[in-house]
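All remarks here apply to the structure that follows.
The values are calculated or read from the model by the stated rules, or taken from the named source; none is laboratory data. As the structure is a prediction and not an experimental result, all values here were calculated from the model. Don't worry about glycine lacking a Cβ; one is built from the backbone with ideal geometry, like all the others, and counts go over all protein chains shown. Accessible surface areas use protein heavy atoms only, side chains included; no ligands, DNA or RNA. Shrake-Rupley method; radii C 1.70, N 1.55, O 1.52, S 1.80 Å.
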Amino acid sequence: MVVFCLAGILTGVMADRDRRQREILRLRTEELSRVYAELQENFERMKRAERLYAVGQLSAGLAHEIRNPLASIAGAVGMLRRNRLTEPQRLECLAIIQKEQERLQRLLTNFLDFARPRPPRYRRVPVHELLDAVLDLSAHAIGGASIRLRKEVAPNLPLLDCDPEQLKQVLLNLVINAIQAMPEGGEIAVSAHAANGRLLVEVRDEGCGIAAEHLERIFDPFFTTKEHGSGLGLSVAHQIVEQHGGVLLARANPERGMTFSVMLPFHRRGQP
């Protein structure tokens, strides 16, 4: 009887302790669920605020960028209205209007590419063909500058699963930026090799570089250090690379110039 009583008491104590532990666990689970819900709500609130901030920044930047070409067009139209121009002056005014109209068109196209990016249209392409196309197009932007383009592609790279037109846009933007950063000439090296199972494409220049305080902002919409830049090229490039599951990075070279790195998976997620 004593043994049975002791067993009953022990069983009761253990059951009571088990109930208390279950109750504590239930309360902690409820508390964690509440904290998680609050975090989710705060995160969504932050995302909404960030989107509103981005829209505000884009709107302000777009308004600022549109103002200059509109002023040039208005000035040229005013001169044409006075009807006191010589034929060369009239042609110059028309050239200004056409040039600024094309500038506005490029600005709006870049803005729409950033605000409403289309999804990539994937197909598998050889990496060296992609770089050849980019360098062929870039050669036309060199003009009379003493700039050399050099390509380095590792042998036997796998085919790249990508939207080739979008990636050409990214790399062409990087190479043209490098050309514009080298008014005194130099060499631009475009290299591609495998790194940790992914493709690494680098564009290295010998130009004027980017100030350290600006490096964190170079991918922000409408941020530019160029006198006539729109500040959308690198933002669009960054967005395209992210859509492909990759990353776009920038770093200053030890000697001079910059290196922009595009890291991409060779294959889409879920594809062999």
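Couple of notes before you dig in:
- Qualifying positions in segment 135-170 - out of contact with any strand residue (DSSP E or B) (no Cβ under 7 Å at 6 or more places or on another chain) and modelled with pLDDT of 85 or more: 136, 146, 155, 156, 158, 163, 165, 166, 167, 168, 169
- Qualifying residue in segment 169-183 (condition: open to solvent by 20 Å² or more (accessible area, probe 1.4 Å), more than 22 Å from residue 234 (Cα to Cα) and either in a helix (DSSP H, G or I) or of a type in the set (S, T, N, Q) (or both)): no
- Residues of segment 126-140 that turn out to be within 22 Å of the chain's Cα centre (by Cα) and open to solvent by less than 50 Å² (accessible area, probe 1.4 Å), as a count: 7
- The set of residues from segment 89-98 being modelled with pLDDT of 85 or more and open to solvent by 70 Å² or more (accessible area, probe 1.4 Å) comprises 91, 92, 94, 98.
- Residues within segment 217-262 that are open to solvent by 50 Å² or more (accessible area, probe 1.4 Å) and modelled with pLDDT under 75, tallied: 6
- Put simply, of 204, 217 the only residue that is farther than 15 Å from residue 141 by Cα and touching a Ser or Thr at 6+ places or on another chain (Cβ under 6 Å) is 204.
- Residue among 164, 155 that is closer than 18 Å to residue 261 by Cα and not β-branched (Val, Ile, Thr): 164
- Within segment 194-210, being open to solvent by 60 Å² or more (accessible area, probe 1.4 Å) and within 21 Å of the chain's Cα centre (by Cα) holds for 198, 204.
- Flag for residue 119 being open to solvent by 60 Å² or more (accessible area, probe 1.4 Å) and either at pLDDT below 75 or not in a helix (DSSP H, G or I) (or both): yes
- Test: residue 63 is exposed (fewer than 12 other Cβ atoms within 10 Å of the Cβ), modelled with pLDDT under 75 and within 23 Å of residue 100 (Cα to Cα): yes
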